1. Would you mind pulling out the separation of the Cα centroids of segment 84-122 and segment 1-61, in Å?
2. Around E66, with a cut-off of 15 angstrom between Cβ atoms, what is the net charge of the other residues, counting Lys and Arg +1 and Asp and Glu -1?
Amino acid sequence: MSQPDVDVTVQPSGTGCVDCDATGGWWFHLRRCAACGHIGCCDSSLSKHATAHATSSGHPVITSFEPGEDWFFDYRTERMTDGPALAAPDCHPVDQSTPGPASRVPADWEAQLEARHHIRAAASSFPSAPGASTSHSTVPESGIDRRTTR
Ligand SMILES: [Zn+2]
Ligand SMILES: [Zn+2]
């Protein structure tokens, strides 16, 4: 309730997307909720957990959790913004793969991301793509096994 939009004392929830870790998914880039430290995947990831978290929690500000990036983004204005230094660490471990986690990234990850973006761009009249908008998203767990079949 009285939680500030940006809380510099809150540590990140971990080194990977909380929701992808819970569902066996994988992410492209990571974002950190500036209010509660939730680590979620970016809008270029299949599941967009950072935005899903902002929507469900009402926490309006995220910052990058990528090494070397220090921008903030405010969902209310949909603009990049500045923010204070948050509790360390300010990015995932540099030896962590992008996309990640390495153990779950499918061999055709680029094709999967491209396909998703093309579907979204080409078919705005479609109902939202499976898993695009809810936290019950069907993350492609089969991607783990599919790496050898494509
Ligand atoms: Zn995620
Ligand atoms: Zn949050």
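Rule-based calculations on the coordinates, nothing more; no lab input. On a predicted model such as this, the values are computed, not experimentally measured, just so you know. Virtual Cβ from ideal backbone geometry, glycine too; neighbours counted across all protein chains shown.
1. When both Cα centres are located, 13 Å separates them.
2. Values: positive: R31, R32; negative: D43, E69, D70, D90, D95.
Its environment carries a net charge of -3.
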